[in-house]
Amino acid sequence: MAMTAFRPDIALRSDVLATVAQISSGVDATMVAAEVVNLKKIYNPSTPQAFQALENINLAIHANEFFTLLGPSGCGKTTLLRILGGFETMTDGVCRIFGQDVSHLPPEARPVNTVFQQYALFPHMTVRRNIAFGLEMLGRTRSEIDRTVERMLALVHMSDCADRKPDHLSGGQRQRVALARALAPQPKLLLLDEPLSALDLKLRQKMRLELKALQRETGITFIFVTHDQEEALAMSDRVAVLSEGHLQQVGTPEEIYEQPQSRFVADFIGESNLLAATVTRVDGGVAEFELAGLGSVLVNSTDHLSRGQQVTLSVRPERIALSRSNGQCRLGPATVFDRTYLGNAVEYHLRAGGYTFTVRSPRGGLRGLQDFAPGDTVQLEFEPNAARVLVS
Ligand code: ATP
C-alpha cells in the first residue's frame, strides 16, 4: 500500500503554495478573526430544565492563530464552538467573525467550516468526490472544483489515495480527508471539535504535528476544542481554559502552565502542589510565606499582599528539590511515603506537617541526583520564582 505520510518538514509544491496564498489572502494577522462579547447561553430557558452552559464570555481570537478551547467534560467548550459556527443560538451577547456581526446568521452564511469529532465522510464516495461534494453544493464550476480538489489532496498528502473509498483508509487518512474537505471551500475560520479523539494515542500524537503544520501553512485561523491539556499545550498559539461555563484564563501555553491565575487552572493543567500559606513579610517584589509547621519560603510576587493574608501557593512537582541535609531556609522535615520510577524521572510523594507533596526529580544529567526511598526523611526547597501566589 502506498504510504502518504504527511511530512510537515518537506517543502510544499508551488501549486499547493498558491492555494495556501489564496486561502489566507486578505487576512491580516493583526485582525480579530472571531470575537464573542458578553456571551451567555442558557439551554431550555424558562423551563424547570433551564441550564446555564456559558456565562459572560468575552474572547477575541486573532487571525492566523491556532486557538484552543480547553476544559473538562461539560465545561461548555462545544457549546461555544457551536455558537461560533452558527449551529447553536446565544441567549445573550454578540458574536463577530472578521468584524461582521454574525449573531443571527445561519452556519452556511458564515465564512466558517467545521470538522466534527466523527468525521462523517460519505462512505459510497471516493476521497476525491468527498472533497468535491461541498464545492459542488456551493455551485462552483467544474474546472474550479477539479483544480481545488487536486490542490487539497496535495496539501494533506492524499493524492495517492484519491480514488479510494473511506473504508479503505486508515483513521488518520480519513481525518486528513475530512480536513481537506473542510479546507476546500477556503473558509477564513476552521472550527475543530475534538477531531483527534477517535484516533489511537500514537496516531493522535502524529496528527497533532500535522494539524499544527497545516494551520501554519494555510494561515487559516483554527479554533480547536479538546479536553486533553497535553494536546492543547502542544499545538496552540493560545489556549482558553473553561470551567463550568466560565472563562478561567486565556494565554500562551507557557503562560497557562507557568503562571496559572486560579486554583482550577493550576490543578487542571499539569500537576501542582497547592499549599495553604500565610503572608509574613512583603518586601518589593518578594514576599515571605509561612507554611504551618514547616517553615517559611520566599516567593516572587507582584500581587498586593498584606501581612497575615491567607493564600495558596502553587508549585509544580518538577520545581521542588529534595535533599538529606539540614540546611537553613528549607522546608521540612518531610517523609517520603511513595517512590515511583517513571523512566526519565522519579516521582516522590511526601508528607510534611499537614501537607502532602508531589516532587518529580529528573534522572540522568551530568551530576548524579540523590535517590530516596519510602521512609526517608528529607528537606524540600524551591526557588522564589518557582511558586505562584493564588489569592482567590
Ligand atoms: P464534552 O467535552 O463532554 O463534550 P463540553 O465542555 O463540550 O463537554 P458542552 O457540550 O458545551 O460541554 O455542554 C456544556 C453543558 O451544557 C453540559 O453540562 C451539558 O450537559 C449541557 N448541554 C449541552 N447541550 C445541551 C442541550 N441541548 N440541552 C441541555 N443541556 C445541554
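Each Cα pair under 8 Å and six or more residues apart adds its sequence gap; the mean of these over the residue count of the chain is a relative contact order of 15 percent. Shown for the chain: lysine pairs separated by 8 or more places, or found on different chains, whose C-alpha atoms are under 19 Å apart, numbering 4. What the Cβ-Cβ distance of GLU136 and ARG216 gives, at R0 = 35 Å and to the nearest 0.05, is a FRET efficiency of 0.75.
Taking only the Cα atoms of the chain, the radius of gyration and Dmax are 25.2, 79 Å.
Charge tally for GLU194 (other residues, Cβ to Cβ under 13 Å; Lys, Arg +1; Asp, Glu -1): +1.
What value does region 207-355 have for Rg/Rh, both radii from Cα atoms and Rh as Kirkwood defines it? Taking Rh as the inverse mean 1/r over Cα pairs, Rg/Rh reads 1.04.
Looking at the chain, the DSSP beta bridges with both ends there are about 75 percent antiparallel.
The sum of -39500 (n - 2.57) across all DSSP H runs of n ≥ 4, divided by the residue count of the chain, sets its helix-only mean residue ellipticity at 222 nm to -7000 deg cm²/dmol.
Stokes-Einstein diffusion for region 271-390, with the hydrodynamic radius set to the Kirkwood value over Cα pairs and evaluated at 37 °C in a medium of 0.692 mPa s, equals 222 µm²/s.
Using only alpha carbons, region 172-264 has a radius of gyration to Kirkwood radius ratio (Rg to Rh) of 0.98.
For region 149-217, the spread of Cα coordinates along the three principal axes comes to 30, 29, 17 Å, biggest extent given first.
A crude spin-label estimate for the pair GLN49 and ASN385, with each label 7 Å from Cα along the Cβ direction, gives 5.3 nm.
As a rough guide to protection, the peptides 99-109, 224-234, 197-207, 347-357 ranked by mean Cβ packing within 10 Å, highest first, stand as 224-234, 347-357, 197-207, 99-109.
Over all other residues within a Cβ to Cβ distance under 9 Å of THR126, the charged ones net out to +3, with Lys and Arg as +1 and Asp and Glu as -1. If the chain linking ARG164 and SER296 were pulled fully straight, counting 0.36 nm for each residue of separation and taking away their Cα-Cα distance, it would gain 40.9 nm. Would you give the gap between the C-alpha center of region 71-94 and the C-alpha center of region 43-68, rounded to a whole Å? Distance between centres, Cα-based: 4 Å.
Subtracting the Cα-Cα distance of VAL94 and HIS304 from 0.36 nm times their residue separation leaves 72.2 nm of extension gain.
Charge tally around LYS77: other residues with Cβ under 11 Å, Lys/Arg +1 each, Asp/Glu -1 each, net -1. Between GLU318 and GLN259, the distance separating the two model label sites (each 7 Å from Cα on the Cα→Cβ line) works out to 2.0 nm.
Quick note: the coordinates plus some simple rules give every number you see, no bench work behind them. Values in this document were obtained by computation on a predicted structure and should not be read as measured data. Heads up, the Cβs are rebuilt from the backbone with ideal geometry, glycines too, and the neighbour counts pull from every protein chain shown.
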